[in-house]
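Worksheet for the structure shown next.
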Amino acid sequence: MIIKRKVEEMLSYLEDSSNLQEGKAEVLYIPEDEKEIIEAIAECRDKKIPLTVSAGGTGTVGGRIPLEGAILSVERLDKIISIDPQRKRAILQSGVLIEDFLKELGERNLFYPPFPTERTAFIGGNVSTNASGEYSYRFGSTRGYVKKIKVILSTGEVLEIERGKYFADKNGNIEFENKKIKIPSYLTPPIKCSAGYFSRPGMDLIDLFIGSEGTLGLITRVEVELIPALSLPFIMVVFFKENKGLKFVSEVKRSRKLNPLSLEYFDRGSLGFLKKDFPNIPDRSKEAIYIEEEESKNILEEWIGLIEQYPVDDTWLGEDSKSYQKLLDFRHKLPENINEYFKKIGSRKMALDIAVPENSFPEIFNFYQTLRLNNQEIENILFGHIGENHLHFNFFPKDEKEKEAVGNLFIQALKKGISSGGTVSAEHGIGKMKHKYLELMYGKKGIDEMVRIKKEIDPYGLFGLDNIFPKSRI
Ligand SMILES: Cc1cc2nc3c(=O)[nH]c(=O)nc-3n(C[C@H](O)[C@H](O)[C@H](O)COP(=O)(O)OP(=O)(O)OC[C@H]3O[C@@H](n4cnc5c(N)ncnc54)[C@H](O)[C@@H]3O)c2cc1C
């Protein structure tokens with residue numbers, strides 16, 4: 001096992017995409033196998049120091065950044081153990097890079113539907129945050145495709161949790177191995193959601209671990225479901241002269257013929273953020289919608305027929321591999337540029353990640369417009385997964401006064417989203433940055449119930465200190 005104790009050797013592990021600056025650790029373990037992981041866990045247990053699991057480091061809420069104690073990086077658990085084209089299953093070590101996995105599948109004409117957007121993430125990081133991907137409009141998030149996980153607990157026990165094996169009974173208890181836990185009394189909303197421990201009546205134990213942000217144990221192995229490769233996709237970006245994006249998307253959703261893989265929204269500010277990379281973005285456009293769809297007979301004509309009914313400045317089409325890649329970059333570049341900008345202005349990421357049920361979306365969308373009208377002096381942009389009623393609202397405060405104002409308007413937006421049946425985190429998780437938001441969503445009782453479960457499964461309080469709930473609760 002590689003063990004590092006010098007601060008300068010650990011620096012790259014003290015950051016992720018959140019720009020959280022508080023990272024600190026005394027030791028970094030880089031094990032090669034489960035035996036070494038169990039040794040590292042035992043050492044932390046003996047020394048009574050917390051252990052933070054580190055994967056690809058692409059998280060946006062500081063989940064892999066330790067506040068103290070040890071880091072365990074799964075980077076050397078990077079083997080694709082098997083890909084079975086008949087059963088449509090793959091078994092992976094948790095440190096497999098998404099990019100490598102997708103490449104292997106492409107060569108076998110198979111596809112992993114969560115299709116995570118950030119390809120430098122690891123599969124274990126995706127499972128731990130219940131990540132969503134480029135096609136989550138059609139396929140949903142990681143949760144729907146995880147069939148089995150192997151987890152090492154702080155006691156050193158190794159659990160193999162297969163979907164369909166352990167369920168909550170009618171009293172809300174799940175019994176597994178020598179344990180019995182009671183699931184929380186709150187309900188995880190039936191929308192895109194990555195906020196706290198999953199909880200539904202009759203739920204499967206595996207769903208408690210998916211999205212648990214490294215607080216219950218260390219996932220060493222994951223088995224996922226695959227589908228046959230999709231037919232060739234194409235991309236369109238429609239630039240609207242007026243604010244008609246929402247109406248356009250509602251029409252797409254009502255259509256029986258259109259079945260996009262993704263529907264993404266870009267406001268005027270987002271287009272401004274992309275202008276340096278894509279100078280031909282029409283200057284006057286108010287909004288853009290990015291559409292990805294599979295090639296099929298007459299489908300392009302269907303899309304063009306709909307687009308022609310709207311006042312648009314331009315429509316870009318990416319069909320051949322070069323233009324397709326260019327438009328894909330158009331989508332990917334924005335979150336990257338935003339994260340860079342937060343670094344440049346020296347601010348932690350200040351972004352909302354609310355999703356709401358379909359029928360509440362127009363209301364929250366209009367509420368966002370009111371909030372920005374009332375706070376015009378603070379730079380902000382709104383973009384994201386409009387197909388899933390889930391937008392990222394990013395604010396770039398210039399000083400402490402503006403930061404405070406952003407904090408206040410976030411609370412207003414979150415309360416509005418929650419009262420509409422929404423979630424405070426649709427995909428990035430809670431990490432160390434959204435504790436307050438999670439409490440708004442589930443109340444103190446909900447947090448207490450999560451802490452109780454954490455203590456039962458991780459009696460040494462070893463894993464993921466300060467993730468999901470504040471460290472003072474452990
Ligand atoms: C440009 C960009 C675009 C993004 N787009 C999206 C998007 O579209 N959708 C989306 O959902 N996310 C997105 N993200 C966020 C990020 O990619 C996801 O949250 C991802 O799942 C994190 O994986 P990671 O391997 O980088 O994990 P890390 O950041 O290293 O860790 C994330 C959390 O998981 C825990 N963890 C990791 N591995 C394990 C393990 N084996 N066992 C137990 N706990 C573990 C860590 O302790 C931490 O709490 C984006 C990020 C960037 C930078």
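The values are calculated or read from the model by the stated rules, or taken from the named source; none is laboratory data. Computed from a predicted model, the values in this text were never measured in an experiment. Cβ sites come from the backbone with ideal geometry, for glycine too, and all protein chains shown count toward neighbours.
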Self-check item: Cross-chain or 6+ apart pairs with Cβ under 6 Å, segment 272-301 first and at negative phi, then among the β-branched types (Val, Ile, Thr)
Solution: LYS275/ILE281; ALA288/VAL237; ILE289/VAL238; TYR290/VAL237; GLU292/ILE235
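Working carefully through the options GLY431, GLY421, find the one that is in a loop (DSSP other than H, G, I, E, B), away from the ligand (no atom under 15 Å from the Cβ) and within 21 Å of the chain's Cα centre (by Cα).
On the way: GLY431 fails: away from the ligand (no atom under 15 Å from the Cβ).
Answer to the check: GLY421.
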Exercise. Filter segment 414-436 down to residues that are touching a helix residue (DSSP H, G or I) at 6+ places or on another chain (Cβ under 7 Å) and free of Cβ contacts under 8 Å to residues at least 40 places away in the same chain and give me whichever is surrounded by the most Cβ atoms within 10 Å (Cβ to Cβ).
Key: ILE418
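Just give me the residues in segment 190-204 being within 16 Å of the ligand (Cβ to nearest atom) and surrounded by fewer than 22 Cβ atoms within 10 Å (Cβ to Cβ), in sequence order.
Narrowing segment 190-204 to residues within 16 Å of the ligand (Cβ to nearest atom): 191-198.
Selection gives ILE191 alone.
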Quiz item: Which fully enclosed strands (runs of 3 or more DSSP E) of segment 1-74 have 1 or more residues being in contact with a Cys (Cβ under 7 Å, 6 or more places away or on another chain)?
Solution: 51-54, 70-73
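Does GLU107 fit the bill of being closer than 23 Å to ILE191 by Cα, surrounded by fewer than 24 Cβ atoms within 10 Å (Cβ to Cβ) and either outside the structural domain of THR52 (by TED's automatic domain parsing) or at pLDDT below 95 (or both)?
Working: closer than 23 Å to ILE191 by Cα: no; surrounded by fewer than 24 Cβ atoms within 10 Å (Cβ to Cβ): yes; either outside the structural domain of THR52 (by TED's automatic domain parsing) or at pLDDT below 95 (or both): yes.
Taking the combined requirement at face value, the residue does not satisfy it.
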Self-check item: Count of residues meeting criterion [over 21 Å from LYS48 (Cβ atoms) and either buried (at least 18 other Cβ atoms within 10 Å of the Cβ) or under 22 Å from the mean Cα position of the chain (by Cα) (or both)] in segment 437-467
Solution: 11
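Being at positive phi and buried (at least 18 other Cβ atoms within 10 Å of the Cβ), is that true of even one residue in segment 146-154?
The first filter runs over segment 146-154 and keeps only residues at positive phi, leaving none.
Scanning segment 146-154, I find no residue that is at positive phi and buried (at least 18 other Cβ atoms within 10 Å of the Cβ), so the answer is no.
Are any of the residues in segment 392-413 more than 16 Å from the chain's Cα centre (by Cα), under 14 Å from ASP353 (Cβ atoms), in contact (Cβ under 8 Å) with a residue 60 or more places away in the chain and part of a helix (DSSP H, G or I)?
Initially, segment 392-413 is screened for residues more than 16 Å from the chain's Cα centre (by Cα), giving 395-413.
This time we only want the ones that are under 14 Å from ASP353 (Cβ atoms), so: 395, 410, 413.
Restricting the remaining residues to those that are in contact (Cβ under 8 Å) with a residue 60 or more places away in the chain gives 410, 413.
If we keep only those that are part of a helix (DSSP H, G or I) too, we end up with 410, 413.
Yes, that holds for at least one residue.
Residue-by-condition table, conditions (1) touching a Leu at 6+ places or on another chain (Cβ under 7 Å); (2) within 16 Å of the ligand (Cβ to nearest atom); (3) of a type outside the set (Phe, Trp, Tyr):
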{"site": "ASN380", "(1), (2), (3)": "no, no, yes"}
{"site": "PHE393", "(1), (2), (3)": "yes, yes, no"}
{"site": "ASP399", "(1), (2), (3)": "no, no, yes"}
{"site": "LEU409", "(1), (2), (3)": "yes, no, yes"}
{"site": "SER425", "(1), (2), (3)": "no, yes, yes"}
{"site": "LEU440", "(1), (2), (3)": "yes, no, yes"}
{"site": "ASP448", "(1), (2), (3)": "no, no, yes"}
{"site": "ILE457", "(1), (2), (3)": "yes, yes, yes"}
{"site": "PHE469", "(1), (2), (3)": "no, yes, no"}
Quiz prompt | Residue count for segment 458-474, restricted to those that are part of a helix (DSSP H, G or I) and touching a strand residue (DSSP E or B) at 6+ places or on another chain (Cβ under 7 Å) | solution = 0
Quiz prompt | Hey, GLY214 within 16 Å of the ligand (Cβ to nearest atom) and not in a strand (DSSP E or B) or not | solution = yes
Quiz item: Of the residues that sit in segment 331-358 and are at pLDDT 95 or above and more than 13 Å from the ligand (Cβ to nearest atom), which one is farthest from the chain's Cα centre (by Cα)?
Solution: GLU358
Quiz prompt | Among (1) more than 16 Å from the ligand (Cβ to nearest atom); (2) closer than 19 Å to VAL224 by Cβ - the single one ILE149 does not satisfy | solution = (1)
Self-check item: Any hit, segment 8-22, residues being over 25 Å from THR129 (Cβ atoms), touching a residue at least 24 places away in the same chain (Cβ under 8 Å) and not assigned by TED's automatic domain parsing to the domain that holds VAL158
Solution: no
Quiz prompt | Enumeration of residues in segment 42-69 that are more than 12 Å from the ligand (Cβ to nearest atom) and in contact with a strand residue (DSSP E or B) (Cβ under 7 Å, 6 or more places away or on another chain) | solution = CYS44, ILE49, GLY69
Self-check item: Residue within segment 119-128 that is away from the ligand (no atom under 13 Å from the Cβ), closer than 23 Å to VAL151 by Cβ, in a loop (DSSP other than H, G, I, E, B) and not acidic (Asp, Glu) present
Solution: no
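Could you tell me which of the residues VAL238, VAL224 is over 29 Å from TRP303 (Cβ atoms) and of a type in the set (A, V, I, L, M, F, W, C)? Please lay out each step first, then the result.
Details: VAL238 fails: over 29 Å from TRP303 (Cβ atoms).
Answer to the check: VAL224.
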Quiz item: Just one of the numbered conditions (1) of a type outside the set (Val, Ile, Thr); (2) assigned to a loop (DSSP other than H, G, I, E, B); (3) under 19 Å from the mean Cα position of the chain (by Cα); (4) on the phi < 0 side of the Ramachandran plot is not true of GLU99; which one?
Solution: (2)
